[in-house]
Amino acid sequence: MHARHIRAYLAELDASPSYIHRVTSSLRVWFDYLREIEQLIDGNPAREIAKPKKGRRHPPALSPDEMRRLINAAVEYSRPSERLRNWTLIALMFHTGLRISEVCGLKKSDIRHREGLPYAVRVIGKGNKERSVVLSSAPCISG
C-alpha cells in the first residue's frame, strides 16, 4: 500500500476535517502495529499523509444580562478587600475582550497614559504577539 492509496481513500470519505483527522490517526496506529508488532510491512505510508487542521470552536459570548450577574456575583461573594479588584478584572475582560491569561500577565508598566489618565494597555497574547488594547471611557454595566 502507498500513501496515494490512503489519500484516495480519504478523498472518497467526503467527511469533516475532524473525522478525517481521526481516520488518519487510526491508520497511522494500524500501520505502526503492522510494521512493529506483526512485522508484515517495512514502512508506514500513513505517516506521509498530513492531517487536516481541525476547526477551532469559540465559546459562546455572554449576554449583557449574564455579564451583569457575573459582575454582581464578583462583588457580592468577594471579601470586602477584594471586591474592587474582582469587579475591575471582570469589567476589564468584558469591555476589552482580553483573555484571562492576558489579564493575568499585565503589569503596571503595561498601562499607557494620556493626559494623566489610562487609555490603553499593552498585552502579550497568544504566540507571544504584542498588541495595544484601547480602554473605553463608557460606563460599565451595573446591576
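The values are calculated or read from the model by the stated rules, or taken from the named source; none is laboratory data. Just so we're clear, the structure is a prediction, and the values are computed from it rather than from any experiment. Glycine also receives a Cβ, built like all others from the backbone with ideal geometry; neighbour counts cover every protein chain displayed.
To keep it simple, each residue is scored yes or no on (1) modelled with pLDDT under 90; (2) out of contact with any helix residue (DSSP H, G or I) (no Cβ under 8 Å at 6 or more places or on another chain); (3) charged (D, E, K, R).
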site	(1), (2), (3)
Ala11	yes, yes, no
Asp14	yes, yes, yes
Ser18	yes, yes, no
Leu34	no, yes, no
Practice task
Taking the residues in segment 93-143 that are surrounded by fewer than 10 Cβ atoms within 10 Å (Cβ to Cβ) and among the basic types (Lys, Arg) as candidates, determine which candidate is modelled with the lowest pLDDT.
Solution key: Lys126
